[in-house]
Amino acid sequence: MIESLLVANRGEIARRIIRTAKRLGVRAIVVHSEADAGLPFVAEADEAVCVGPANPAQSYRNVEAILAAAKSTGAQAIHPGYGFLSENAEFARTVAASGLVWVGPGADAITAMGDKINARNLMAAAGVPVAPGTTEPAADLDAAVVAAAGIGYPVMVKAAAGGGGMGMGVATDEAALRTEYDKVRAFAERMFGDGSVLIERYFPRVRHVEVQILGLADGRVVALGERECSVQRRNQKLVEESPSPAVSPELRERLLAAAVRAGEAVGYRNAGTVECLLVPNRRDVEGPGPGSEEFFFLEMNTRLQVEHPVTEYVYGVDLVEEQLRVASGLAPTFDPDALAPRGHAIELRINAEDPKRFLPGPGVIRTWNEPTGEGVRVDSGYVAGNTVTPFYDSLMAKLIVSGGDRAEAVERARAAVASFEIAGPKCNLPFFAELLENEEFLSGDYDTGIVGRMR
């Protein structure tokens with residue numbers, strides 16, 4: 001096992017990684033911005049280095065400053081968490097070239113999966129189902145129009161280099177396509193430095209289901225079940241649960257096998273997630289007819305996911321520990337041939353945003369009282385007295401609950417939401433109280449449009 005680890009991230013995920021590192025006897029080092037100097041993750045680390053001002057480009061994305069911090073503190077390895085530099089292939093290569101251990105997949109795998117079109121083509125070649133779409137970027141508007149006509153409306157217009165639900169638009173006809181193409185292309189150039197655009201069939205009602213994979217040190221790729229991620233706002237997740245209430249045993253077998261093939265196709269090592277769109281088995285869905293259980297590859301996230309704790313509960317593993325073991329060349333703590341899920345887990349993302357329009361509302365935290373009890377876990381980035389600043393993501397904490405079945409997990413989630421006290425910044429806890437009483441959600445028969453139907 002590596003002996004010292006630099007966490008190139010902040011907030012709740014930094015605290016989460018520190019917790020496992022300390023349990024394993026690994027010295028935990030963090031970098032932080034000037035704005036985050038007073039946050040818990042800085043105090044909880046064995047050593048902390050300020051790498052720049054609040055602007056992420058000058059701190060958490062400042063490669064030179066992070067590598068200098070690793071060198072000055074004697075860190076052996078770097079864990080990037082999620083966001084920031086976690087899926088930056090060049091950073092991964094630079095870390096390795098500097099003689100440090102990269103806690104994540106190899107740079108080649110990150111590169112292969114970083115472009116949506118290239119990823120789609122690789123997956124199709126590996127026998128993983130992909131939705132009808134372009135096999136190369138739509139070079140201009142005319143090419144996009146021709147592609148959409150061949151695919152059939154409605155279509156999704158996507159930034160090929162995008163991620164995290166950003167850089168996407170839906171076109172129901174050619175007029176809408178002309179508007180969305182220009183909008184997505186401009187956004188992609190501005191945000192990702194790459195204006196390449198993918199045109200793909202859009203399914204009006206789908207579920208977002210993903211599979212947790214782990215590429216082991218011995219070369220094998222294993223799947224640790226699926227997570228349901230269909231409760232979303234602006235194509236970004238708010239709630240995740242495992243197992244998915246939509247996935248039958250037969251579909252689960254196909255999903256997990258496809259995810260393993262996806263990982264094997266790029267020689268995947270460490271933790272990753274294969275995201276898919278599932279066409280629900282409903283009569284009002286456009287796409288495959290009633291009785292079908294079709295799924296399509298969406299993208300691969302070459303890092304640890306925000307929602308990894310629900311998998312940890314259901315499979316009884318510490319995914320951060322498994323990441324460190326893979327990076328150290330060690331065998332996993334579990335038997336890859338005897339993986340079996342138990343119970344049900346749900347994660348709620350507690351954000352500093354209003355519960356109606358989901359607009360950010362940073363501020364000073366006056367009250368912060370976390371819920372406790374059986375099957376309740378809170379991964380938080382803040383405590384009372386801290387300030388949620390506008391410089392970073394609005395995520396304040398993750399409330400994770402588990403139970404023997406879905407009904408028990410929902411009951412525990414209700415109680416935990418009711419007892420979670422946050423005052424100061426805006427907070428979306430009232431939304432979760434509403435969701436946990438929503439008949440559509442309680443039935444398990446919901447899709448990515450559920451939040452819109454609640455509003």
Identify all residues within the range 105-132 that are on the phi < 0 side of the Ramachandran plot and small (Gly, Ala, Ser); write none if there are none. 106, 107, 109, 112, 114, 119, 124, 125, 126, 131
If the Cβ limit is 6 Å and pairs must be 6+ apart or interchain, which residue in the range 195-206 that is among the acidic types (Asp, Glu) pairs with which residue that is part of a loop (DSSP other than H, G, I, E, B)? 200/131
Scanning the range 439-453 for residues that are surrounded by 13 or more Cβ atoms within 10 Å (Cβ to Cβ) and either part of a helix (DSSP H, G or I) or of a type in the set (A, V, I, L, M) (or both) gives 440, 441, 442, 450, 451
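Are any residues in the range 47-85 part of a strand (DSSP E or B) and crowded, with 19+ Cβ neighbours inside 10 Å, and if so, which ones? Spell out how you get there, then give the answer.
Looking only at the range 47-85, we keep the residues that are part of a strand (DSSP E or B), and these are 47-52, 77-79.
The answer is 48, 49, 51, 52, 77, 78, 79.
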As an exercise: evaluate residue 392 against (1) over 30 Å from residue 215 (Cβ atoms); (2) out of contact with any strand residue (DSSP E or B) (no Cβ under 7 Å at 6 or more places or on another chain); (3) in contact (Cβ under 8 Å) with a residue 12 or more places away in the chain and give the number of the one condition it does not meet. (1)
Condition first: among the small types (Gly, Ala, Ser), in contact with a Leu (Cβ under 7 Å, 6 or more places away or on another chain) and either crowded, with 23+ Cβ neighbours inside 10 Å or farther than 30 Å from residue 400 by Cβ (or both). Can you find one or more residues in the range 175-182 that meet it? no
Determine, yes or no, whether residue 111 is under 22 Å from the mean Cα position of the chain (by Cα), within 25 Å of residue 199 (Cα to Cα), of a type in the set (Val, Ile, Thr) and surrounded by fewer than 21 Cβ atoms within 10 Å (Cβ to Cβ). yes
Quick one: would you say residue 357 is outside any strand (DSSP E or B), surrounded by fewer than 18 Cβ atoms within 10 Å (Cβ to Cβ), touching a Phe, Trp or Tyr at 6+ places or on another chain (Cβ under 9 Å) and assigned by TED's automatic domain parsing to the domain that holds residue 224? no
Going through the range 25-37 in order, the residues found to be outside any helix (DSSP H, G or I) and either buried (at least 18 other Cβ atoms within 10 Å of the Cβ) or in contact with a Gly (Cβ under 8 Å, 6 or more places away or on another chain) (or both) are 26, 27, 28, 29, 30, 31, 32, 33
Identify, please: which residue in the range 380-402 is within 16 Å of residue 432 (Cβ to Cβ) and out of contact with any Phe, Trp or Tyr (no Cβ under 6 Å at 6 or more places or on another chain) and is, among those, surrounded by the most Cβ atoms within 10 Å (Cβ to Cβ)? 401
I need the full set of residues from the range 1-24 which are of a type in the set (Asp, Glu) and in a loop (DSSP other than H, G, I, E, B), in order please. 3
Has the range 179-193 got any residue that is in contact (Cβ under 8 Å) with a residue 12 or more places away in the chain and within 20 Å of residue 268 (Cα to Cα)? no
Quick check on the range 116-146: of everything there that is charged (D, E, K, R) and either under 18 Å from residue 260 (Cα atoms) or surrounded by fewer than 20 Cβ atoms within 10 Å (Cβ to Cβ) (or both), which residue is nearest to the chain's Cα centre (by Cα)? 120
Of the residues that make up the range 156-164, is at least one part of a helix (DSSP H, G or I) and touching a residue at least 12 places away in the same chain (Cβ under 8 Å)? no
Only one of 240, 264, 210 is farther than 16 Å from residue 339 by Cβ, among the charged types (D, E, K, R) and touching a helix residue (DSSP H, G or I) at 6+ places or on another chain (Cβ under 7 Å); which? 240
When you check residue 141 against the structure, is it of a type outside the set (Gly, Ala, Ser) and within 22 Å of residue 88 (Cβ to Cβ), yes or no? no
Out of 371, 362, report the one residue that is in contact with a Pro (Cβ under 7 Å, 6 or more places away or on another chain) and surrounded by fewer than 19 Cβ atoms within 10 Å (Cβ to Cβ). 362
Flag if residue 122 is in contact (Cβ under 8 Å) with a residue 24 or more places away in the chain and in a helix (DSSP H, G or I): yes
Might you check whether a residue that is of a type in the set (D, E, K, R), modelled with pLDDT under 95 and within 25 Å of residue 347 (Cα to Cα) occurs anywhere in the range 220-228? no
Failed condition for residue 175, given (1) among the aliphatic types (A, V, I, L, M); (2) over 27 Å from residue 89 (Cβ atoms); (3) touching a strand residue (DSSP E or B) at 6+ places or on another chain (Cβ under 9 Å), with all others met? (3)
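Which residue out of 377, 406 is surrounded by 15 or more Cβ atoms within 10 Å (Cβ to Cβ), within 30 Å of residue 249 (Cα to Cα) and touching a helix residue (DSSP H, G or I) at 6+ places or on another chain (Cβ under 7 Å)?
When all the criteria are applied, what remains is 377.
The values are calculated or read from the model by the stated rules, or taken from the named source; none is laboratory data. If you're wondering where the values come from, they're calculated on a predicted model, not measured in any experiment. Note that we place each Cβ from the backbone using ideal geometry, even for glycine, and neighbour counts take in every protein chain shown.
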